[in-house]
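S.K.: Submitted below is the structure of interest, expressed as structure tokens.
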Amino acid sequence: MKTNFLKIFTVIALVAFSSCKDKAKEAETTEAEDAAVAEASAVTYKAIADESTIEWKGFKPTGTHTGTISIAEGSVSVNDGNIESGSFAIDMNSITVTDIPVEKEGNAKLTGHLKSADFFDVEAYPKAKFEVTGLETVDGKTMLSGNLTMKETTNNISIPVTTSMDGDTMKLTSETFTIDRSKWNVKYGSKSFFDDLGDSFINDDIELKVSLVAKKA
């Protein structure tokens, strides 16, 4: 019995360690800043909602879950190929789960839980928002900074991005990055808020990858 217990414990520990080790780097997170203002000469590109999305990945000791969230609307102002300002709204009610088949009961159960007051409370806070505050090159990478607002809590994050132009279409893609959900008061199963969870916790880290496609207005 003792041997079996040790084997089970070892497997759980290895899964948890692997999940932590494979996470993307956490985005630098600071207090909110003033939104960037574009020059009059900047060109506006409006987001194409059907082609823009955010991929997410959540972690727990026994594994992970993945899914998507839609970008509802938004625009960016571009000058000489560089983003000067912009903002976009995130439709929190569009959260999907992709690692559990849609026809399985677990898919609807997890999706509903994520939308509930335990997590993102989409009834009270149907949209999140990202507002550009700056763009700079750091160690050869283009870092986009902006205020991310969820559940009426705003923090500034800096994430590495690449942009490309194809005629009147602009595409912005971020590298995969991590945010700490506790900084936006997403509390369920978080050790940052509860100290009696034992092994029944959910990691604060959420991986995100942003893909924004926008067309010249």
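The values are calculated or read from the model by the stated rules, or taken from the named source; none is laboratory data. A quick note: this is a predicted structure, and the numbers were derived from the prediction, not measured. Cβ sites come from the backbone with ideal geometry, for glycine too, and all protein chains shown count toward neighbours. Note: accessible area is taken over every heavy atom of the protein model, side chains too, but ligands, DNA and RNA are not part of it. Shrake-Rupley method; radii C 1.70, N 1.55, O 1.52, S 1.80 Å.
S.K.: Could you tell me whether any residue of the range 183-198 is surrounded by fewer than 19 Cβ atoms within 10 Å (Cβ to Cβ), out of contact with any Pro (no Cβ under 8 Å at 6 or more places or on another chain) and at pLDDT 95 or above? Quick ask: steps written out before the conclusion?
M.R.: Going through the range 183-198, the residues surrounded by fewer than 19 Cβ atoms within 10 Å (Cβ to Cβ) turn out to be 183, 185, 187-198.
Filter once more, keeping what is out of contact with any Pro (no Cβ under 8 Å at 6 or more places or on another chain): 183, 185, 187-198.
When the remaining residues are screened for being at pLDDT 95 or above, the result is 183.
For the range 183-198, residues surrounded by fewer than 19 Cβ atoms within 10 Å (Cβ to Cβ), out of contact with any Pro (no Cβ under 8 Å at 6 or more places or on another chain) and at pLDDT 95 or above: present.
S.K.: Restricting the range 63-105 to residues that are at pLDDT 95 or above and not in a strand (DSSP E or B), which is nearest to ALA128 (Cα to Cα)?
M.R.: Applying the filter and picking the extreme gives THR98.
S.K.: On to the next question. Can you find even one residue in the range 123-134 that is closer than 19 Å to GLU175 by Cα, out of contact with any His (no Cβ under 6 Å at 6 or more places or on another chain), among the aliphatic types (A, V, I, L, M) and modelled with pLDDT of 95 or more?
M.R.: Scanning the range 123-134, I find at least one residue that is closer than 19 Å to GLU175 by Cα, out of contact with any His (no Cβ under 6 Å at 6 or more places or on another chain), among the aliphatic types (A, V, I, L, M) and modelled with pLDDT of 95 or more, so the answer is yes.
S.K.: If you don't mind, another one. Right, ASP166: surrounded by fewer than 19 Cβ atoms within 10 Å (Cβ to Cβ), over 14 Å from the mean Cα position of the chain (by Cα) and farther than 21 Å from ALA72 by Cα or not? If you could, list the steps in order and put the result at the bottom.
M.R.: Details: surrounded by fewer than 19 Cβ atoms within 10 Å (Cβ to Cβ): yes; over 14 Å from the mean Cα position of the chain (by Cα): yes; farther than 21 Å from ALA72 by Cα: yes.
Considered against the rule, which asks whether it is surrounded by fewer than 19 Cβ atoms within 10 Å (Cβ to Cβ), over 14 Å from the mean Cα position of the chain (by Cα) and farther than 21 Å from ALA72 by Cα, ASP166 comes out as yes.
S.K.: Of all the residues that make up the range 48-63, how many are more than 14 Å from THR178 (Cα to Cα) and in contact (Cβ under 8 Å) with a residue 40 or more places away in the chain?
M.R.: 8
S.K.: Same structure, new question: Need the failing condition index for LYS183 against (1) farther than 21 Å from ILE48 by Cα; (2) in contact (Cβ under 8 Å) with a residue 24 or more places away in the chain; (3) assigned to a strand (DSSP E or B), just the number.
M.R.: Status for LYS183: all satisfied but (3).
S.K.: Would you say PHE119 is within 15 Å of the chain's Cα centre (by Cα), among the hydrophobic types (A, V, I, L, M, F, W, C) and more than 17 Å from SER52 (Cα to Cα)? Explain how you work it out, then say what you get.
M.R.: Numbers: within 15 Å of the chain's Cα centre (by Cα): yes; among the hydrophobic types (A, V, I, L, M, F, W, C): yes; more than 17 Å from SER52 (Cα to Cα): yes.
When the stated conditions are applied, PHE119 passes them.
S.K.: Right, ILE157: part of a strand (DSSP E or B), open to solvent by less than 10 Å² (accessible area, probe 1.4 Å), within 19 Å of LYS23 (Cα to Cα) and touching a residue at least 12 places away in the same chain (Cβ under 8 Å) or not?
M.R.: Working: part of a strand (DSSP E or B): yes; open to solvent by less than 10 Å² (accessible area, probe 1.4 Å): yes; within 19 Å of LYS23 (Cα to Cα): yes; touching a residue at least 12 places away in the same chain (Cβ under 8 Å): yes.
Here the answer is yes, as ILE157 does meet what is asked.
S.K.: Suppose we keep only residues that are modelled with pLDDT of 95 or more and in a loop (DSSP other than H, G, I, E, B) within the range 42-62. Which one would you say is surrounded by the most Cβ atoms within 10 Å (Cβ to Cβ)?
M.R.: The qualifying residue surrounded by the most Cβ atoms within 10 Å (Cβ to Cβ) is SER52.
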